[in-house]
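Data first, discussion second: the structure below is written as structure tokens.
The values are calculated or read from the model by the stated rules, or taken from the named source; none is laboratory data. Remember, predicted model here, so these are calculated numbers, not experimental data. Don't worry about glycine lacking a Cβ; one is built from the backbone with ideal geometry, like all the others, and counts go over all protein chains shown.
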């Protein structure tokens, strides 16, 4: 959800340049089930444009209608949306709508936090009662000493004591590092960017690429394995090796041996994976089991993928299943709720 908040802040900056006011809608609580869970957000601009979503598309018109009171009064309010008879989701959404007027200091601190890939926290105070109440609103906290309200005002201790709190830990934006720059890498980059991931592409120095070659990519690096900056890799990063060159894949895998990614995917059949890992272990006999457990090859889940686009979907699906610690299965075979 960090990437969604990032888009909201970027949209606010654009709206402010055009002298448009904005309000923020956040799902802060839920009774029953819903399309999306608490923590989803949507920015509504004064001209009616909406950025983001708080459901699959059925709640947004009502949020837009109720946001007009916030534009008019400048006061935060809580609205409810009962989807039991309209959505079939059997849930009641509690949505906080508040003026969104982040200070310049908040925006600068946010961009610095995103660049440094640090976690932060968003705290929303609300009451499960429709209408305007004192103290309703959200703040973003980067550290114990650095926090900012979204609306530019702070809550009083008197009001704070009567409110419920929704706190959300926001990790760094999930990142995909694609090692390789062939046609299939372009498709994987594009589909990953659609998912809101930051994408870095590593191409060969002998065949350098630019951002124009990879729509959706954040950064392109044309470096040999031994020159690659492995600080790119952290626990919120997936890596896919797809150079289509066995020796190069091995060199990059060796370069990653001291990193801690969430996932490493190897393109190609199982016998290629075994050969690659055997040679890798010859160079790194002391490598930890934890590192080896992160290696997945052939990359992707079995959905019958054949085209580069379908293979990209397969790989992204496997990365999500690994990061979310879920066993891929048809949802109709899952016992309990979808999000349980």
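Which strands (runs of 3 or more DSSP E) sit wholly inside segment 1-120 and have at least 1 residues that are without any contact (Cβ under 8 Å) to a residue 40 or more places away in the chain, over 23 Å from residue 147 (Cβ atoms) and within 25 Å of the chain's Cα centre (by Cα)? Can you show your working first?
On the way: elements: 22-32, 41-45, 50-52, 77-82, 91-99.
Strands (runs of 3 or more DSSP E) meeting the threshold: 41-45, 50-52.
Residues are listed down the side, and each one gets a yes or a no for (1) assigned by TED's automatic domain parsing to the domain that holds residue 187; (2) surrounded by fewer than 17 Cβ atoms within 10 Å (Cβ to Cβ); (3) within 14 Å of residue 296 (Cα to Cα); (4) out of contact with any helix residue (DSSP H, G or I) (no Cβ under 7 Å at 6 or more places or on another chain):
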| position | (1), (2), (3), (4) |
| --- | --- |
| 210 | yes, yes, no, yes |
| 225 | yes, no, no, no |
| 230 | yes, yes, no, no |
| 250 | yes, no, no, no |
| 253 | yes, no, yes, no |
| 265 | yes, no, yes, no |
| 268 | yes, no, yes, yes |
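Scanning segment 160-182 for residues that are out of contact with any strand residue (DSSP E or B) (no Cβ under 8 Å at 6 or more places or on another chain) and at pLDDT below 90 gives 161, 162. Taking segment 260-340 and the helices (runs of 4 or more DSSP H) fully enclosed by it, the elements with 2 or more residues that are free of Cβ contacts under 8 Å to residues at least 40 places away in the same chain and more than 19 Å from the chain's Cα centre (by Cα) are at 270-283, 289-293. In the set (1) buried (at least 19 other Cβ atoms within 10 Å of the Cβ); (2) at pLDDT 95 or above; (3) within 30 Å of residue 25 (Cβ to Cβ), residue 190 fails one condition alone, (1). The residues of segment 274-294 that are surrounded by 13 or more Cβ atoms within 10 Å (Cβ to Cβ), under 16 Å from residue 248 (Cα atoms) and out of contact with any strand residue (DSSP E or B) (no Cβ under 8 Å at 6 or more places or on another chain), listed by number, are 275, 279, 280.
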